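To start, I am sharing the structure in question, which I have written as structure tokens.
The values are calculated or read from the model by the stated rules, or taken from the named source; none is laboratory data. The shown structure was predicted, so the numbers you read here are calculated from the model rather than taken from an experiment. Heads up, the Cβs are rebuilt from the backbone with ideal geometry, glycines too, and the neighbour counts pull from every protein chain shown. SASA here: full protein model, heavy atoms, side chains in, ligands and nucleic acids out. Shrake-Rupley method; radii C 1.70, N 1.55, O 1.52, S 1.80 Å.
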Amino acid sequence: MGEGRLTVRKAWLIAGAVFGAGLSFVMLLVVGVYVVAGNLAGGVGGATKALAKGAVPAAYQPLVQKWGNLCPAINPALLAAQLYQESGFNPKAQSAAAAQGIAQFIPGTWATHGVDGDGDGDKDVWDPNDAIPSAASYDCSLASYVKDVPGNITENMLASYNAGAYAVIKYGGVPPYAETQNYVKTITTLEESFAAPTTRVDPSEQAAGAIYYAQKKLGTPYLWGGTGTAEQGGRFDCSGLTQASYESVGITLPRVANDQYNAGPHPARSELLPGDLVFFSTDLSNSRAIHHVGIYVGGGYMIDAPRTGAVIRFDPIDTSEYFGATRVTEDGAKALPTTV
């Protein structure tokens with residue numbers, strides 16, 4: 001055990017990462033992150049919004065890809081963001097307000113805007129083959145209602161979805177309603193977590209602090225369901241550790257790993273920076289099947305809480321179950337629904 005840990009530490013040092021104590025570690029990492037950042041063409045950009053790897057469950061990806069291109073006001077990543085926000089891709093979801101299915105149509109709206117997406121002769125709100133095309137069709141209908149309103153057509157469409165097309169027309173754009181403005185920002189922010197980046201993505205300013213927190217927990221025994229409370233002896237499971245690490249720098253992440261995946265854009269393996277969350281799944285086509293998460297620290301290693309009987313430690317990320325990574329952003333974390 002001791003020799004294995006020493007080998008990992010040697011690999012860590014060879015990779016050029018520095019694990020000192022206290023402020024010196026944080027400052028060195030901050031400098032390292034921003035030296036790299038200076039060489040990046042920041043941000044996610046480009047007109048095309050291809051879906052990020054596995055971001056949409058494989059069963060629905062072809063539908064989202066096809067119908068997300070129905071009109072210029074939407075794209076596959078935006079449609080995916082709406083479905084995730086509405087139901088977490090759950091085709092059996094039903095709200096207290098009687099909204100139904102993967103796209104959460106209320107009966108009156110479904111009666112008017114539901115379409116027979118699969119051409120089988122019926123319009124079934126519980127069938128994603130009908131509901132996903134209907135969601136796209138409804139978006140495009142709303143966009144057509146406000147096509148002559150000044151401003152961004154997608155933002156005006158989303159505002160119409162939330163507040164009604166009349167309000168958008170009345171105010172000449174997104175109306176001054178806090179709920180509506182928040183909805184527009186939420187969906188357009190979530191869109192970035194479902195889109196495959198077209199350029200490198202900016203590093204997180206909070207990355208160094210999150211790693212420093214996780215580093216201080218090295219050697220702590222794993223606890224299933226652990227979030228580090230005093231009652232739990234300060235122990236964590238994998239997503240409890242990542243949640244607490246980012247909470248320490250003012251970013252609130254969801255409790256479970258597969259929702260943490262949507263807290264920002266997704267750098268490629270070759271673009272990883274310290275502080276990125278790295279995810280693992282037995283189904284590499286579906287982010288909803290993610291079962292493990294750690295914090296990348298460089299050199300091909302992460303800090304993670306691996307399993308019952310183990311302790312928080314360094315582990316390699318390059319396994320057959322490596323799914324992908326997320327560069328956590330404050331806006332991305334805030335946009336995530338509290339329940340999906």
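With every protein chain left in place, what is the accessible area per residue of the stretch 193-339 in square angstrom, probe 1.4 Å?
Each residue of the stretch 193-339 exposes 37 Å² on average to a 1.4 Å probe.
Using 0.36 nm times the number of residues separating Asp318 and Lys185, minus their current alpha carbon distance, what extension gain do you get?
44.4 nm
Hey, which of these cross-link pairs are over 26 Å Cα-Cα: Lys66/Lys185; Lys53/Lys123; Lys92/Lys123?
Among Lys66/Lys185; Lys53/Lys123; Lys92/Lys123, the Cα-Cα distance tops 26 Å for Lys53/Lys123.
Give the Rg (one decimal place) followed by the Dmax (whole number) of the stretch 143-221, computed from C-alpha coordinates and expressed in Å.
19.3, 61
How high is the FRET efficiency between Ala289 and Val311 when r is their beta carbon distance and R₀ equals 22 Å, given to the nearest 0.05?
Efficiency, from the Cβ-Cβ distance: 0.25.
What base-10 log of the normalised intensity I(q)/I(0) is obtained for the stretch 121-276 from the Debye formula, alpha carbons as equal point scatterers, at q = 0.09, 0.15, 0.16, 0.18 Å⁻¹?
Values returned for q = 0.09, 0.15, 0.16, 0.18 Å⁻¹ are -0.48, -0.94, -0.98, -1.06.
Over the stretch 65-192, consider all pairs of different Cα atoms and compute the Kirkwood hydrodynamic radius from their mean reciprocal separation; express it in Å, one decimal.
Computed over the stretch 65-192, the radius equals 14.6 Å.
Okay, moving on. Given R₀ = 41 Å, FRET efficiency for Trp224-Ala111 by Cβ-Cβ distance, to 0.05?
Efficiency for this residue pair is about 0.35.
Here is a follow-up. Give me D for the chain in µm² s⁻¹, whole number, from Stokes-Einstein with Rh from the Kirkwood sum over alpha-carbon pairs, 4 °C and 1.567 mPa s. List each step's numbers first, then the result.
On the way: Rh = 21.2 Å.
Diffusion coefficient, whole number: 61 µm²/s.
According to a simple spin-label model (label point 7 Å from Cα along Cα-to-Cβ), what is the distance in nm between Ala59 and Ala268?
For the pair Ala268/Ala59, the computed spacing is 3.2 nm.
Strictly under 4.7 angstrom between C-beta atoms: which cysteines of the chain have no such partner?
So, Cys238.
OK, next. Evaluate the distance, in nm, between pseudo-label points positioned 7 Å from the Cα of Arg255 and of Lys334 along their respective Cα→Cβ axes.
2.4
Could I ask something else about it? Counting only protein heavy atoms and using a 1.4 Å probe, what share of the accessible area of the chain belongs to carbon plus sulfur, as a whole percent?
55
Quick one: net charge around Ala167, please, counting Lys, Arg +1 and Asp, Glu -1 for every other residue with C-beta under 14 Å from its C-beta.
Net charge around Ala167: -1.
Here's another thing I want to ask about it. Full extension from Ser144 to Lys92: what is 0.36 nm times the residue separation minus their Cα-Cα distance, to one decimal in nm?
Full-extension gain reported as 15.8 nm.
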